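S.K.: Take this structure first; my questions come after.
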Amino acid sequence: MALLQTSFFSRALQNRVSMNVILPSPYLEQDRGDTGQTPKAYPCLYLLHGLSDDHTFWLSRTLIELYTAQMGLIVVMPAVNRSFYCDMVNGYKYWTYLSEELPEVVSRFFHVSQKREDTFAAGFSMGGYGAFKLGLRCPERFGAVASISGGLDIAEYTDGSKDTEGNIDFDLIFGKGVDITGTDDDLLALVEKAAGQGVEKLPKFYQCCGTEDFLYEENTRFRDHARQLGLDLTYEESPGEHDWIYSNQQLPKVLEWLPIK
């Protein structure tokens, strides 16, 4: 397998951006000669980082390379700063970058499958929010999405009534004191919208959270809401806090759960 550290100019962000990409060993061993055969396209996982992290943390805090060594899976780890994977009111269009430009760039750089059933997203904390948002807003493109300790109900924080680490970020992203309840940045509202259109059109969802995590109640609230509306959701909880120890423990379970053919 190979680890690529890549940077390129983003049209959506008007800036150079970075991503790390893991390529499986069979990908590297394919015959690139003049055989007349099209190289195999591999399934792809977009692995999203948390609020205080960047794209390098999956490599420095988990065993992602070891876990995926025999999976035949391309893993794309992009950097999005503290954007919550949103188009910011006072900032940059990170949702446009994540949902539109990044997949286009990845498909040009690498032999990734374009099939929905071969495309996945997962993330930790803020990244869990981003992965579920991809699944709910782009269901035609993702076969499965997963959240580890995700921030899944951020609407309760965006009006500024609670003093949290992300307050200044939410002011920049959504506008000062703006309540995003019911918008396309509110995952609970997106679940309701999806249920009205038919949950069978959605990808499969996997959610896990530590019982000592400060986001535990937020996660159980999303779980109950999603299950009530019929979402295809696998939920697991176990002792653990909001840290990379728990994330590294859960990552193999997420990878095993992915419906990779």
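S.K.: Residues in the stretch 205-225 that are in a strand (DSSP E or B) and either free of Cβ contacts under 8 Å to residues at least 60 places away in the same chain or not hydroxyl-bearing (S, T, Y) (or both): how many?
M.R.: 5
S.K.: Filter the stretch 77-123 down to residues that are under 12 Å from H49 (Cα atoms) and among the aromatic types (F, W, Y) and give me whichever is nearest to the chain's Cα centre (by Cα).
M.R.: Step by step, filter the stretch 77-123, then rank; the result is Y85.
S.K.: Which one is farthest from T183 (Cα to Cα), of the residues in the stretch 53-101 that are in contact (Cβ under 8 Å) with a residue 60 or more places away in the chain, among the hydroxyl-bearing types (S, T, Y) and part of a loop (DSSP other than H, G, I, E, B)?
M.R.: T68
S.K.: Is it the case that the stretch 58-66 has a residue that's polar (S, T, N, Q) and modelled with pLDDT of 95 or more?
M.R.: For the stretch 58-66, residues polar (S, T, N, Q) and modelled with pLDDT of 95 or more: present.
S.K.: Could you please let me know if L102 is of a type outside the set (F, W, Y), at pLDDT below 95 and over 22 Å from N248 (Cβ atoms)?
M.R.: No: the conditions fail for L102.
S.K.: Sticking with this structure for a sec: Restrict the check to the stretch 164-186 and report whether at least one residue is more than 22 Å from P259 (Cβ to Cβ), within 15 Å of the chain's Cα centre (by Cα), at pLDDT 90 or above and small (G, A, S).
M.R.: no
S.K.: Give the stretch 116-139 a look and list any residue that's outside any helix (DSSP H, G or I) and touching a residue at least 60 places away in the same chain (Cβ under 8 Å), or say none.
M.R.: T119, F120, A121, A122, G123, F124, S125, P139
S.K.: Then there is this: Any chance the stretch 62-78 includes a residue that's out of contact with any helix residue (DSSP H, G or I) (no Cβ under 9 Å at 6 or more places or on another chain) and more than 23 Å from P259 (Cα to Cα)?
M.R.: no
S.K.: Right, here's the next one. Any idea which residue in the stretch 37-52 is modelled with the lowest pLDDT, counting only those that are in contact with a His (Cβ under 7 Å, 6 or more places away or on another chain) and assigned to a loop (DSSP other than H, G, I, E, B)?
M.R.: P39
S.K.: Further, regarding this structure: Filter the stretch 89-141 for residues that are buried (at least 16 other Cβ atoms within 10 Å of the Cβ) and among the acidic types (D, E) and give the result.
M.R.: Across the stretch 89-141, the qualifying residues are E101, D118.
S.K.: While we're on this one: Exactly one condition in (1) outside any helix (DSSP H, G or I); (2) out of contact with any strand residue (DSSP E or B) (no Cβ under 7 Å at 6 or more places or on another chain) is false for E104; which is it?
M.R.: (1)
S.K.: Still on this structure, I have one more. If a residue has to be in contact with a strand residue (DSSP E or B) (Cβ under 6 Å, 6 or more places away or on another chain) and either among the charged types (D, E, K, R) or buried (at least 23 other Cβ atoms within 10 Å of the Cβ) (or both) to count, how many in the stretch 78-88 make the cut?
M.R.: Qualifying residue count for the region: 2.
S.K.: I would also like to ask the following. Within the stretch 174-183, is even one residue under 28 Å from R61 (Cβ atoms) and among the hydrophobic types (A, V, I, L, M, F, W, C)?
M.R.: no
The values are calculated or read from the model by the stated rules, or taken from the named source; none is laboratory data. Note that this is a predicted model, so its numbers are computed, not measured. We place every Cβ from the backbone using ideal geometry, glycine too, and count neighbours over all the protein chains shown.
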